[in-house]
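Structure first, then comments.
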Amino acid sequence: MRTTSTTPPARTGVTLLGLGAMGSALAARLLGEGHPVTVWNRTPGRATALVERGAESADAVAEAVTARPLIVACLLRHPSVHETLDPVVDGLRGRTLVNLTTTTPVEARELAAWAAGYDIAYLDGAILAVPAMIGTPGAQIFYSGSQPVYERYRGVFDAWATSTYDGRDAGMASLIDLAMLSGMYQMFAGFFHGAAMVGSEGMTAARFAARTAPFLSAMTNGLAAHARVIDGGDYTAPGQQSLEFSDLSHLVRASEEQGVDPTPIAAVQTLISRQIGAGHGSEGLARVYESLRAEAAATSGHA
Ligand code: FVH
């Protein structure tokens, strides 16, 4: 098969920095797919099983970053990336860094700018999977930043998960990831609150989960309709549940009457009350979105 200069070799050599639960899973998957892999971890002793499967273990991070053309960081948070790479940045010049460490969008953009200053091709990534899912169709990894890097190393990325490229803004993958996780954890908080409410009368969380899971799953069918209203900006359009109808003070009261902390549902009621108080009671529930954007814009300049 004729290869072009942009076609990576059949099996790309990869350096994996960070052999925690996720980094180890990423390295193991690449080994299983026949990629040459060099691994490094701050605390020695985490590479044994991977070396037995054929990985090269680098004692020093300076050795690790010069061992392969593609360097993947799977550390802990933003500071750990700089702590690891700042001392060896000269070895990274002209190479490619894919950062799968969880960072905020602003931190991802900072790393992209830092990389550009040292002629390092940079792609940020956000993993939506637990380690055991790596290599299975259910795993997702979002990428943003250098599109040439994304296209050049798709063979590596697709070995790990279903890959999505979210554009040249290096912060976008992280933003989408954290926004989705925000919805997930608020759903979990709602479940924990509901379980506490029924638990106050002796219903087990398991029985409540069996009742509420199908309901919550069905309610996600309404997200697209809310999205159409938000994107269209017309909260007066017919067919919406009004904010007044959505007043949740009775849910807050019921929680308190059961002796259950109403914090999760009280937060939603606060958002609804804010819109009603501003005179939008007859408009659709989705107008809560405008409160959330207004608050953010007031403090971070994203008007
Ligand atoms: N595990 C998961 O389910 C989630 C799924 C979604 C994405 N996350 C993110 O992946 C990054 C790594 O997560 P992890 O599960 O591998 O985390 P740990 O098992 O705690 O391993 C952390 C590794 O990072 C190294 N490390 C921490 N601080 C530093 C530092 N200052 N300098 C250098 N390395 C550092 C740590 O090394 P050591 O403690 O063994 O010496 C581990 O290799 C993470 O961003 C998740 O949010 C996983």
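No lab work stands behind these numbers, since they all come straight from the coordinates. Because the structure is a prediction, the values reported are computed rather than measured. FYI the Cβ positions are ideal-geometry reconstructions off the backbone, even for glycines, and counts take in every protein chain you see.
Table for the structure above
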item	result
Efficiency of FRET between H302 and D231 - r from beta-carbon atoms, R0 22 angstrom, step 0.05	0.80
Rg over Rh [alpha-carbon atoms, Kirkwood Rh] for segment 116-274	1.08
Among L243, L31, L50, residue whose mean-square fluctuation peaks in a GNM of the chain (springs only between Cα atoms under 10 Å)	L243
The chain: angle of helix 223-232 to the longest principal axis, Cα-based, in degrees nearest 10	90
Neighbour-count order for Y118, Y235, fewest beta carbons within 10 angstrom listed first	Y118, Y235
Whole-number percent relative contact order across the chain, with pairs defined as alpha carbons under 8 Å at least 6 apart	11
Compactness of the chain - radius of gyration and Dmax, Cα, Å	23.7, 73
Mean separation of Cα contacts under 8 Å, 6 or more apart, over the residue count of segment 200-300: relative contact order %	33
Helical contribution to [θ] at 222 nm, DSSP H n ≥ 4, -39,500 (n - 2.57), averaged over the chain, rounded to 500	-14500 deg cm²/dmol
Value of Rg/Rh across segment 3-175 [Cα atoms, Kirkwood radius]	0.92
Proxy reagent accessibility, fewest Cβ within 10 Å first, across H35, H82, H302	H302, H82, H35
Descending semi-axes in Å of segment 200-300, equivalent ellipsoid built from Cα gyration tensor	27, 18, 13
Label-point gap, in nm, between E257 and S80 - each point 7 angstrom along Cα→Cβ	4.8
Estimated inter-spin distance, A278 and A205, nm [label 7 Å along Cα→Cβ]	3.6
Rounded to whole Hz, the Karplus (6.51, -1.76, 1.60) HN-Hα couplings of segment 195-209, x for glycine and proline	5, 5, 5, 6, x, 5, 10, x, 6, 6, 4, 5, 5, 5, 4
For the chain, built as a Gaussian network whose Cα springs stay under 10 Å, the top-fluctuating residue of L17, L248, L111	L248
Simple label model, 7 Å out from Cα along Cβ direction - Q241 to L181, nm	2.9
